[in-house]
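Student: I am attaching a structure below and will ask some questions about it afterwards.
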Amino acid sequence: MNVKVGDKFPDETLLNQDGHERAIAHYTRPSEFDKRLGFNDGYPLIIVFFRGFFCPRDQQQLRMLKDFQDELKVNFGRLISISTDPPMVNSAFRAGLGASWPFFSDENRFLINQLGILDETEGEYADRSLPITFVCNPDLTIKRIYNGWFFVGRPTLEELRTDLRMIMSEQSYYPHEVWKTGERMKIRVPQSYWKKESALGESGLKVSEGEVITFNFNSGNGYIKDSSSGERLFFNFTAIPGEGYRTISPGVKVQFEIIESSTGKSALNIQKIT
């Protein structure tokens with residue numbers, strides 16, 4: 001193997017199961033919401049190299065990870081798999097597993113050779129990747145390496161949780177206290193705010209009108225186009241008065257206040273125009 005813990009994992013561009021190119025570092029980047037809050041760290045990434053759809057040990061490992069994928073969505077860990085199979089084969093294997101994370105193809109063995117993990121032994125697995133799992137920091141520094149030549153060497157879900165916890169705890173966004181600053185609560189608005197203020201303009205902020213142009217129901221973030229300035233203003237669902245999880249559909253005409261923070265302007269106190 002040509003890499004060790006502490007080295008940077010190569011940020012190569014590969015074809016995913018749909019035949020689209022994507023750089024590996026794409027999966028560690030902070031979201032737009034993170035950047036609005038001033039958190040630019042990004043997220044840990046698990047990279048699983050597997051021999052191919054035909055390997056029963058790989059099938060077992062990936063079925064285990066399929067049970068882990070929903071947890072990864074809520075614990076903010078990222079996961080990708082890489083094999084030498086072409087995108088069409090990876091797509092079929094991924095669909096059969098019911099997996100939702102990306103499956104990448106390294107058909108020419110460029111990344112596999114770069115890492116020094118090509119299996120050159122004789123037999124059905126020759127010229128395939130060794131089943132190695134890398135756990136990386138957001139900057140792609142390698143934190144842990146698991147050699148799964150024997151299945152017992154592959155990481156358990158509890159080992160992956162421990163690795164992710166260790167990496168996450170080192171990021172600026174991890175302590176609860178850092179979320180309670182005034183600048184961040186301008187964007188991720190606390191529930192208590194709506195018990196004190198709800199009338200437009202009551203806070204002294206500028207009031208404007210516009211239209212919701214995007215809203216992601218999974219992330220709870222969206223953009224409003226300000227009719228007067230033409231600006232696209234970011235908002236989190238907590239900027240909508242109310243309790244619990246609030247949603248709003250693209251195309252809805254709204255009035256709102258404009259609030260400024262160190263990372264730019266955002267919409268606040270978003271109310272539908274009836």
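Student: Output the residues belonging to the stretch 64-86 that are farther than 20 Å from CYS136 by Cα, open to solvent by 20 Å² or more (accessible area, probe 1.4 Å) and either aliphatic (A, V, I, L, M) or over 21 Å from the mean Cα position of the chain (by Cα) (or both).
Tutor: First pass over the stretch 64-86, keeping only residues farther than 20 Å from CYS136 by Cα: 67, 84-86.
Cutting the leftovers down to open to solvent by 20 Å² or more (accessible area, probe 1.4 Å) gives us 67, 86.
Result: PRO86, single match.
Student: Checking the conditions here, which among PHE93, PHE39 is of a type in the set (Phe, Trp, Tyr) and over 28 Å from PRO175 (Cα atoms)? Before you say what the answer is, go through the steps one by one.
Tutor: Values: PHE39 fails: over 28 Å from PRO175 (Cα atoms).
Exactly one residue qualifies, and that residue is PHE93.
Student: Quick one: is PHE103 in contact (Cβ under 8 Å) with a residue 24 or more places away in the chain, open to solvent by 20 Å² or more (accessible area, probe 1.4 Å) and on the phi < 0 side of the Ramachandran plot?
Tutor: no
Student: Taking the stretch 181-198 only, how many residues are touching a strand residue (DSSP E or B) at 6+ places or on another chain (Cβ under 8 Å) and part of a loop (DSSP other than H, G, I, E, B)?
Tutor: Residues flagged as touching a strand residue (DSSP E or B) at 6+ places or on another chain (Cβ under 8 Å) and part of a loop (DSSP other than H, G, I, E, B) within the stretch 181-198 amount to 6.
Student: Another one. Run down GLY6, GLY38 and say which single residue is more than 14 Å from PRO102 (Cβ to Cβ), modelled with pLDDT under 95, assigned to a loop (DSSP other than H, G, I, E, B) and of a type in the set (Gly, Ala, Ser). Steps first, please.
Tutor: Values: GLY6 fails: modelled with pLDDT under 95.
Residue meeting the stated conditions: GLY38.
Student: Are there strands (runs of 3 or more DSSP E) fully within the stretch 46-162 with at least 1 residues that are among the polar types (S, T, N, Q) and touching an Asp or Glu at 6+ places or on another chain (Cβ under 8 Å)? List them. Working first, answer last.
Tutor: Details: elements: 78-83, 103-105, 132-136, 142-147.
Filter on the stretch 46-162 gives 78-83, 103-105.
Student: How do the pairs read when you match residues in the stretch 106-133 that are over 24 Å from MET64 (Cα atoms) and of a type in the set (Asp, Glu) with residues anywhere that are assigned to a loop (DSSP other than H, G, I, E, B) and open to solvent by 30 Å² or more (accessible area, probe 1.4 Å), using Cβ under 7 Å and keeping only pairs 6 or more apart or on different chains?
Tutor: Hits for this filter: GLU107/PRO86; GLU120/ALA126.
Student: Still on this structure: Tell me which residues, restricted to the stretch 16-27, are surrounded by 18 or more Cβ atoms within 10 Å (Cβ to Cβ) and either aliphatic (A, V, I, L, M) or in a strand (DSSP E or B) (or both).
Tutor: Passing the criteria: ILE24, ALA25.
Student: For the stretch 1-15: of the residues being exposed (fewer than 14 other Cβ atoms within 10 Å of the Cβ) and under 18 Å from the mean Cα position of the chain (by Cα), which is farthest from ASP139 (Cα to Cα)?
Tutor: Among them, the one singled out is THR13.
The values are calculated or read from the model by the stated rules, or taken from the named source; none is laboratory data. Just so we're clear, the structure is a prediction, and the values are computed from it rather than from any experiment. Glycine also receives a Cβ, built like all others from the backbone with ideal geometry; neighbour counts cover every protein chain displayed. These accessible areas exclude ligands, DNA and RNA; they are computed on the full protein's heavy atoms, side chains included. Shrake-Rupley method; radii C 1.70, N 1.55, O 1.52, S 1.80 Å.
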